[in-house]
Structures are given as structure tokens and as C-alpha cells.
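Structure, as C-alpha cells:
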Amino acid sequence: IGHYLAHISSVLHDSLTGLPGPPELHQRITVEQNKASNSDHESALVLISALNVETINEKFGREIGDEILEEFAKRIRGNIRSADFLGRYGGSVFALILYKADAKETLLTVNRIIKSVTTNPYTAKSLKVQASAGIALCTGDPDAQSQLILQRGAQALQVAKDTASNDPVIWKANE
């Protein structure tokens, strides 16, 4: 039974960072959407990508890339409230749920995170990482299930990546 529980834990949590994975993220988004539909409070889903980790893996090895992802996650954690959710969505993408945060507060937080993860070098090799962020607000839209919110966040992240700047992008219906 211990082996089974270890397997379940590895599915639910990322083995590198120890952060929750996509199953818990979906659950948290659903909870936030339900709260938002029953009140006037907004929350935000933020997808943040460390952009050049694949190149670092190829040039310096996966061990260095993994160290960077671990530190990237720590830097994000250091810039959010203890009540907020941080998980690893996959690869070099991390997911945040900022509780009771409107668009203005979310942008302030995400800009602070981007500055933190991109300004100071990582590891003994003094490597720098670029980052992009996509934001989808959980506004209580009754048709927006967790998968749709994630899709909106991913679309906004892609727009941010395509612009090649450190400016976060908030999902809008016309994108």
C-alpha cells in the first residue's frame, strides 16, 4: 500500500519541485469559479513560462535546467501570498491562482514575479531566464469550467510569448 500511495503522490505532485500538478489545479480553478459565481470576488489564473530552459538544457545539461526550474518556482513562491496557489502545469510552465485578486492587483503581482525571475542570474553559471505570463480571470462566468479557464490562460500565455516581451497578457474574448 505504501508503494501505491507513493505512486498517487507522484501523479498529484511534481517530483522536481514538489508542487501540486494539473489535477489539483483543475480542482482549485473549479472552486474559484464557484466562489466567483456566488459573490462579487474575482480570482486569477496565471500561467508563467520560463522561456529559455530548453536551450539551457541543451547547452549545459538537464541537471542545470532542473536547478533553474526549482529556483524559478522558489522565486515565484516568494512573491505571492501564502493563501495563493502555485503548481507546476508542465515542462517549464507554472500555474498560479491568485485569490481575491482583480486585474489590477494581478498585473502588479505578475510584474513583480517576472522581475524576480528574470533579473538575477541563476546557478553558478550566472544564467538568466526570460519569462512570459498569461492571465485568465475567474469572474464567475457560469459557462467557464476549469478547462476553459486554462485554455484562456494558455492563449494569453501564447500571445505573451509571441510578443517576446516580459509584459503579461490578460485573456480577452477577441484573442
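Some points to look at:
- Checked against (1) open to solvent by less than 70 Å² (accessible area, probe 1.4 Å); (2) farther than 23 Å from I113 by Cβ; (3) free of Cβ contacts under 8 Å to residues at least 12 places away in the same chain, E58 passes all but a single condition, namely (1).
- Only residues that are surrounded by 15 or more Cβ atoms within 10 Å (Cβ to Cβ), of a type in the set (A, V, I, L, M, F, W, C) and either modelled with pLDDT of 95 or more or outside any strand (DSSP E or B) (or both) were counted in the stretch 116-129, giving 2.
- Residue ID - modelled with the highest pLDDT, chosen from residues in the stretch 158-170 that are in a loop (DSSP other than H, G, I, E, B) and open to solvent by 60 Å² or more (accessible area, probe 1.4 Å): D167
- Pairs, first buried (at least 24 other Cβ atoms within 10 Å of the Cβ) in the stretch 92-106, second part of a loop (DSSP other than H, G, I, E, B), C-beta under 6 Å, six or more apart: L98/D84
- Among the residues of the stretch 32-45, those that are open to solvent by 20 Å² or more (accessible area, probe 1.4 Å) and in contact with a helix residue (DSSP H, G or I) (Cβ under 9 Å, 6 or more places away or on another chain) comprise H41, E42.
- Count of residues meeting criterion [assigned to a helix (DSSP H, G or I) and in contact with a Lys or Arg (Cβ under 6 Å, 6 or more places away or on another chain)] in the stretch 22-44: 0
- Of the residues screened, I113 is one that is in a helix (DSSP H, G or I), in contact with a strand residue (DSSP E or B) (Cβ under 7 Å, 6 or more places away or on another chain) and in contact (Cβ under 8 Å) with a residue 12 or more places away in the chain.
- Among the residues making up the stretch 62-110, a single one is aromatic (F, W, Y) and part of a helix (DSSP H, G or I): F72.
The values are calculated or read from the model by the stated rules, or taken from the named source; none is laboratory data. This structure is a prediction, so every number in the text was calculated from the model and none was measured. Backbone-built Cβ (ideal geometry, glycine too); neighbour counts: all protein chains shown. Surface accessibility is based on the protein's heavy atoms, side chains included, excluding ligands, DNA and RNA. Shrake-Rupley method; radii C 1.70, N 1.55, O 1.52, S 1.80 Å.
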